[in-house]
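*Asks:* Sending over a structure as structure tokens; questions will come in a sec.
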Amino acid sequence: MRIVLRHHPSYQITDISDEDAAALKRWYANEADDEDDAAALAVIRTAAARDGWIECDCIDGPVRPLMYPRRDEHVYTLVRMTRAADDPQARFDRPSHAENCPFFSEKTFEGSATDKKFMLRPMPPKPTAYFDPLPALAENIADRSRKPPSTNSGRSDRPSALGIQLWRLLHAARQNVVAPLQLRPETTASITSHLRDLRLAARNFNVVRTTSLARLLSTWPADFFDARSRWQRNIQSVPNWPASARPTGFMIIAAKLITDSKIYPLALPGFIEVVSRVRRPLRGDLKSCGPYLVLVNFDRGDDDDSPLRPVQAYAQPVHALDTMIPVESDFERDVLNLLLWAQLVFLKAAPRIEIRITKPLFALSTADGYCRPDFILDISVDGRHRRRLIIEALGFDTPEYEGQKAVTLPRMKLIGPLFEIHPPDLVDAMSLKTGRRLTGWIIDQS
Ligand SMILES: [Zn+2]
């Protein structure tokens, strides 16, 4: 990659070293460690300071994909130039990035190749009640020389920082737990009640020392378009933003559909367009991966009086909008359907046996290390906890995935007996048989 002169991309300002180019790609693909962040920032700053564009090397030829650095007060972003929207010269021969390039932008609902191989590493829960105001590439992260180099080998599966924040909130609101049917009140949960639970949980997180997340969090998409909304006024009125953070707000949106940069809220016609790419875990068929619960982070750009803009977003697929149980793929959604069916079977046929379903969002610690089972069943008999069972939805058969499972499955077995479900188990002809196998296994274990 290289830095070329703005408006004259055939003129090279400086070359970008292979190491720096790789760091820049990892940063954009959300796979960066601190060192990468610093290197990426240095490249972007150089381009901005020398009035340059960044030319990608993912394709050969005389004209190559270009990006320009955009600087807001504390944050640099890199904007991909496309012929139609951003290229001031409206070059007809402006190519887009190669499909395997992290900067590749897809106009359909397909994820990039980088995101598709993204496996979520088990992350331990963060032991603080502090919600990072704006976990983005910021101007003040350049000074990282005092830090020891990272020895982290599993960087390819680091979840998005904003995603971790959303999981913390879902976890705190127990949105990832399905209580036994025997214990559930008659009233049916709705989207509204789930969003209310999330707002309540947000009271226990602080964005800055004296301001709770609940104050800066909206679950009503129309607030974004209304500068006089209470939410926008709350963001404006926080008196003590630290120097390292900028005034920021959060929104949780129930969405049926997302694209590369747009979120289509359920409660609003139209969409909200995010400045950067909407992050999401990508597995299986992305066209049918929704619905989603999306955490969006807003700020005001350079000027405190400018309108709020959505700067980044993380979309968590959920089972359905009226249950809002997080899942990672369509296949996990099918597996969860089977578990919900099993709950019902036991309620009717063996009501003494209660099943609590948990979708762990964070890693569990075992004697051999961390793991994150796909689902956990807590089985109680006559109200007394009897057994913890692990359900693994083994949706892939790539060597990478199998290698990862070879490590984590033995750890899961330290937590409890393990039941594996593979995609062929849930095709129509097999699902009833699998259901019987599962319920028989649960009875054997309890
Ligand atoms: Zn590229």
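Here, each number is a calculation from the coordinates, and none is a lab measurement. Note that the structure is predicted; figures quoted are calculated from it, not measured. Here the Cβ is made from the backbone with ideal geometry for all residues, glycine too, and neighbour counts use every protein chain on show.
*Asks:* Can you compute the FRET efficiency between residue 240 and residue 126 using 1/(1 + (r/R0)^6), with r the Cβ-Cβ distance and R0 = 25 Å? Round to the nearest 0.05. Intermediate results must be reported in sequence, preceding the final value.
*Replies:* Values: r = 23 Å, r/R0 = 0.91.
About 0.65, to the nearest 0.05.
*Asks:* Determine the gain in length on full extension of the stretch residue 212-residue 233; use 0.36 nm per residue of separation and subtract their C-alpha separation, reporting nm with one decimal.
*Replies:* Numbers: separation 21, 0.36 × 21 = 7.56 nm, distance 1.46 nm.
The residue 212-residue 233 span can extend by a further 6.1 nm.
*Asks:* Oh, and also: Please order 401, 68 by the number of other Cβ within 10 Å, starting at the fewest. Walk me through the numbers on the way to the answer.
*Replies:* Numbers: 401 15, 68 19.
Ranked by crowding around the Cβ, least crowded first: 401, 68.
*Asks:* For the stretch 335-446, restrict the atom set to alpha-carbon positions and state the Rg and Dmax in Å.
*Replies:* 14.3, 43
*Asks:* So what are the stretch 161-317's ellipsoid semi-axes, whole angstrom, largest first, if each one is the square root of 5 times an eigenvalue of the alpha-carbon gyration tensor? Display every interim value, and only then the final one.
*Replies:* On the way: eigenvalues 134, 79, 42 Å².
The answer is 26, 20, 14 Å, longest axis first.
*Asks:* Also: What is the local net charge at residue 364, summed over the other residues whose Cβ is closer than 11 Å to its Cβ (Lys, Arg +1; Asp, Glu -1)?
*Replies:* Values: positive: 372, 388, 411; negative: none.
Every neighbour counted, the sum reads +3.
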